[in-house]
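Worksheet: the structure to be examined is printed underneath.
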Amino acid sequence: DTGVSQDPRHKITKRGQNVTFRCDPISEHNRLYWYRQTLGQGPEFLTYFQNEAQLEKSRLLSDRFSAERPKGSFSTLEIQRTEQGDSAMYLCASSSYGARGRGETQYFGPGTRLLVL
Amino acid sequence: LAKTTQPISMDSYEGQEVNITCSHNNIATNDYITWYQQFPSQGPRFIIQGYKTKVTNEVASLFIPADRKSSTLSLPRVSLSDTAVYYCLVGDLGAAGNKLTFGGGTRVLVKP
C-alpha cells in the first residue's frame, strides 16, 4: 500500500499526559498537512510542511501542539499536557506541489483517533 | 477562500443516481472544485476534481456550469457502500499553502 499511513490508529490517554502521532506521506509528496476533525464536523486545518519547512500554523494549534518533519519525509504531531478538548480525529494528508498550473490534490491517511479521559 | 453551501443530508436507494449540488458563488478565477468522500472513522477520500464543464472518472461525474458558481457531483447507480459524507471544496490548487476548508458536508444515506 503506497498511500498515507498514520500511527497509532487509536490512542487513549489521561488528561495531562503527552501524546505523539506519526504520519508517513506518499513517498514522492513534498507537502504534508495536519488536520483535526471533531465528531460531526469537517476536518479543520492545523499546519502544513513543504519538505522539512513548517510554513503555516493555524490559530487552532495552541502552544501545547508541536509538529515536525525533520527530513522532509515522515512527520510527528505532539500534544503536551493533553486536555479533554483535544479529543478528536487527527488527520494527515500529503500532496505533490509543483509549478503553478499543476493541480495539487491532497490524499488523506486513515487518521488517529485520540480520546483524552 | 470561497465558501461552499451544500445540502446537509440526502437519502437514496440502491441503483439510483445521486446528484449533490454545491453552491460557491464567490469562486475565484484560479479556484478548482474538489469533492471528497468520508466514511466513519476514516480519512477523506479524493473522488473527483474539476475546473469547468464536465469531468468523469470511474466513480463519479462532476458537472460545472459556465459561470462556475455551482457544481454537481453525480454518483451513478449507488450501492449501500456509498453511504458516506461528501464534501465539496473550492480552492486555488496552485496557491502557497493550499489549506482545505471543509464545510459540514452532505450525509448521503443509501437504502436497500
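If you look at the Cα atoms of the protein assembly as shown, you get an Rg and a Dmax of 17.8, 53 Å. The order of the peptides B:18-28, A:24-34 by mean Cβ neighbours within 10 Å, most packed first, is A:24-34, B:18-28.
What is the average number of partner chain Cβ atoms found within 10 Å of a Cβ in A:29-41?
Numbers: counts 0, 0, 2, 0, 4, 0, 5, 0, 4, 0, 1, 4, 4.
Across the residues of A:29-41, the mean count of other-chain Cβ atoms within 10 Å is 2.
The Cα-based radius of gyration of chain A, divided by its Kirkwood radius, gives an Rg/Rh of 0.97.
What fraction of the DSSP beta bridges in the protein assembly as shown is antiparallel, stated in percent and rounded to the nearest 5? Approximately 90 percent, going by the DSSP bridge assignments. With N counted as the residues of chain B, its alpha-carbon radius of gyration over 2.2 N^0.38 Å works out to 1.02.
If you average the C-alpha positions of region B:1-57 and of region A:24-66 separately, how far apart do those two centres end up, in angstrom? With region B:1-57 and region A:24-66 each reduced to a Cα centre, they are spaced 22 Å. The trypsin sites (Lys or Arg not before Pro) of region B:51-112 meeting both criteria, a DSSP state outside H, G, I, E and B (loop) and at most 12 other C-beta atoms within 10 angstrom of the site's C-beta, are B:Arg77.
Below 12 angstrom from the Cβ of A:Leu55, what's the summed charge of the other residues (Lys, Arg +1; Asp, Glu -1)? Computed value for this residue: +2.
In the context of the full set of protein chains, residues of the protein assembly as shown present 50 Å² of accessible surface per residue (probe radius 1.4 Å, heavy atoms only).
The values are calculated or read from the model by the stated rules, or taken from the named source; none is laboratory data. Because the structure is a prediction, the values reported are computed rather than measured. Neighbour counts run over all protein chains shown; Cβ positions are idealised from the backbone, glycine included. The accessibility values were calculated without ligands, DNA or RNA, using every heavy atom of the protein model including side chains. Shrake-Rupley method; radii C 1.70, N 1.55, O 1.52, S 1.80 Å.
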